[in-house]
Amino acid sequence: MRLISHLKFCRILLVLIICSGQVVSAQDTPDWNKANLKDSVITLLLKYQDLHNKLNIHADPIVERDFTRLFSNPKVQVISYLEGNSKLVKISIEEYIIRLAELYPDGFTAGIDPFRISIDLPRYDRNNRYIIRARVNIKYSGISKGVVFTTSQRILLQIAFLLTNNTPGNFAVYGIDLPAKGQDFMALSLNPALTGFRNSTISKDERLSLRMGNSFHAGISYSHYFGNHLGIGTGIRYSRYSGSVGLDKIDPLGSFNPNFNEVTVQNDLWFAEIPLFISWRSNPGRRWGAQADIGLSGGIRMYENMATSATNANTGITMLNVISDADWISQMNRVDIGFIGTLSATCRINNYARILIGAGYRQGLSGLDNNTRADYVYSKYQGQYNPLWGAPGKTVNQALLLNIGVLVLLNKEVN
């Protein structure tokens with residue numbers, strides 16, 4: 001009896017070892033040839049299109065049988081457009097064939113765009129079976145009860161196949177569903193920029209000139225799309241605004257003449273900004289798309305710097321720190337509100353990441369200064385202070401941006 005018990009135990013142990021080895025072997029990640037897998041998916045879908053378009057009230061039962069065999073089993077659930085967009089339901093492929101013949105006796109055609117099919121790498125299911133997720137553009141059309149119905153949709157298919165001797169085969173449709181309408185994206189961007197400041201009073205003054213400078217913006221943003229096109233977003237940006245004011249020469253103050261020409265006052269401001277924007281996107285091609293954002297951006301000044309220089313008219317030497325304005329920062333508001341807009345092209349890297357490149361513009365709306373210099377008219381040429389702050393006109397910042405970034409899709413599709 002003891003010997004028989006030992007033999008039974010050894011048999012069970014052997015079975016467990018064999019099964020364990022099969023499971024481990026099946027779940028090893030093969031070196032997939034994605035191009036070949038995609039060709040097999042396209043072949044399957046073109047068969048689906050061909051057989052689907054032969055289904056009608058007079059269809060040969062062989063066509064119905066071959067169409068059903070494209071699916072992993074007759075109970076597979078698929079999205080049904082047969083009763084119009086307002087009545088999208090999931091039904092089995094068996095019921096789909098019956099309902100199609102009832103509602104569209106002359107047929108209900110399906111057109112698949114083979115050039116806009118994208119697939120994920122397979123994931124292991126069980127017993128050497130793998131599942132591929134494929135996104136497909138498909139157009140349905142037909143006439144039901146004298147009414148023409150047509151619709152175009154990007155659908156999500158799960159394709160099952162078996163791996164035999166390390167060779168994929170027996171491809172079949174495992175399910176058909178709609179991709180999630182709402183999608184969430186995270187964007188990382190670095191924006192080289194041409195920035196500056198504008199003031200209506202200074203712009204009209206022939207002796208003073210406003211100049212832009214090279215700068216940058218960088219940030220991270222989050223966007224939620226309610227459907228295929230429209231969404232909202234927010235984020236945080238670190239922005240630097242650089243610009244200068246030029247004066248041809250400093251006028252003598254009393255009996256003292258510094259003989260300074262080509263005076264430059266360089267202003268640099270650093271802000272932490274929070275944009276709130278409406279986003280619109282379009283994906284007319286398999287890889288390329290477009291995106292536009294427009295909204296408001298609120299900023300808080302984190303740091304500032306002023307540097308001045310001038311050329312000595314007698315020696316030709318450039319002098320630094322020729323204007324000392326200890327109170328210039330007290331003339332500035334810390335909070336800044338502005339309009340921001342970007343327009344970019346997007347290029348899909350894979351199903352979850354895209355590169356974007358485009359252009360943007362930011363225009364300050366609130367004044368950066370408090371306009372408290374009562375003596376501005378009398379001392380604007382005398383080099384007593386930074387002329388940008390305290391001029392009678394409102395001083396605002398501007399930025400022309402080169403928009404470069406990466407978009408990452410956060411939510412996963414679920415069937």
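The values are calculated or read from the model by the stated rules, or taken from the named source; none is laboratory data. Being a predicted model, the structure only gives us computed values, none of them experimental. Using ideal geometry, Cβ is built from the backbone for each residue, glycine included, and neighbour counts are taken over all protein chains shown.
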Item to complete: Among the residues of region 222-246, write down those that are more than 28 Å from T308 (Cβ to Cβ), surrounded by 15 or more Cβ atoms within 10 Å (Cβ to Cβ) and β-branched (V, I, T).
Response: I232
Worksheet, complete the sentence: How many residues of region 173-193 are under 20 Å from the mean Cα position of the chain (by Cα) and either free of Cβ contacts under 8 Å to residues at least 40 places away in the same chain or buried (at least 21 other Cβ atoms within 10 Å of the Cβ) (or both)? The answer is 4
Discussion item. Considering only region 47-60, I want to know if a residue exists there that is closer than 20 Å to I159 by Cβ, touching a residue at least 12 places away in the same chain (Cβ under 8 Å), touching a strand residue (DSSP E or B) at 6+ places or on another chain (Cβ under 8 Å) and surrounded by fewer than 13 Cβ atoms within 10 Å (Cβ to Cβ).
Written reply: no
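Anything in region 129-157 that is surrounded by fewer than 15 Cβ atoms within 10 Å (Cβ to Cβ) and in contact (Cβ under 8 Å) with a residue 60 or more places away in the chain? List them, or say none.
Scanning region 129-157 gives a single hit, T151.
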Discussion item. Looking at region 286-298, I want the residues that are assigned by TED's automatic domain parsing to the domain that holds S223 and have a partner that is assigned to a loop (DSSP other than H, G, I, E, B) with Cβ atoms under 6 Å, at least 6 apart or on another chain. Which pairs are those?
Written reply: G289/N283
Discussion item. Tell me the residue from E262, E304 that is at positive phi and in contact with a strand residue (DSSP E or B) (Cβ under 6 Å, 6 or more places away or on another chain), please.
Written reply: E262
Response to the item:
Filtering region 325-346 down to residues that are hydroxyl-bearing (S, T, Y) and within 20 Å of the chain's Cα centre (by Cα) yields T342, S344, T346
Worksheet item: Name the residues in region 271-303 that are touching an Asp or Glu at 6+ places or on another chain (Cβ under 9 Å) and aliphatic (A, V, I, L, M), would you?
Response: I278, I300
Worksheet item: Does T68 satisfy the criteria of being polar (S, T, N, Q), at pLDDT 60 or above and loosely packed, with under 14 Cβ neighbours inside 10 Å?
Response: no
Discussion item. Restricting to region 132-178, give me the number of residues that are within 26 Å of E83 (Cβ to Cβ) and not aliphatic (A, V, I, L, M).
Written reply: 19
Practice prompt. Looking only at region 98-157, count how many residues are closer than 29 Å to P30 by Cα and more than 29 Å from the chain's Cα centre (by Cα).
Written response: 7
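Taking S279, is it surrounded by 13 or more Cβ atoms within 10 Å (Cβ to Cβ), of a type in the set (S, T, Y) and under 30 Å from K34 (Cα atoms)?
no
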Item to complete: Go through region 29-46 and give me each residue that's hydroxyl-bearing (S, T, Y) and touching a strand residue (DSSP E or B) at 6+ places or on another chain (Cβ under 6 Å).
Response: S40
Discussion item. Given the criteria assigned by TED's automatic domain parsing to the domain that holds K47, touching a strand residue (DSSP E or B) at 6+ places or on another chain (Cβ under 8 Å), at positive phi and surrounded by fewer than 16 Cβ atoms within 10 Å (Cβ to Cβ), does N170 qualify?
Written reply: yes
Worksheet entry | Spans of strands (runs of 3 or more DSSP E) in region 260-344 with at least 1 residues at pLDDT 95 or above | 260-282, 288-312
Item to complete: Mind listing just one residue for me: the one in region 71-85 that is within 33 Å of the chain's Cα centre (by Cα) and farther than 17 Å from I159 by Cβ and, of those, surrounded by the fewest Cβ atoms within 10 Å (Cβ to Cβ)?
Response: N85
Discussion item. One residue is enough: does region 212-220 have a residue meeting the conditions polar (S, T, N, Q) and within 30 Å of R154 (Cα to Cα)?
Written reply: no
Worksheet item: Filter region 80-106 for residues that are over 15 Å from S141 (Cα atoms) and part of a strand (DSSP E or B); which is modelled with the lowest pLDDT?
Response: V89
Item to complete: Could you list all residues from region 239-272 that are without any contact (Cβ under 8 Å) to a residue 60 or more places away in the chain and within 20 Å of I329 (Cα to Cα)?
Response: R240, S242, S244, G246, T264, Q266, D268, W270, A272
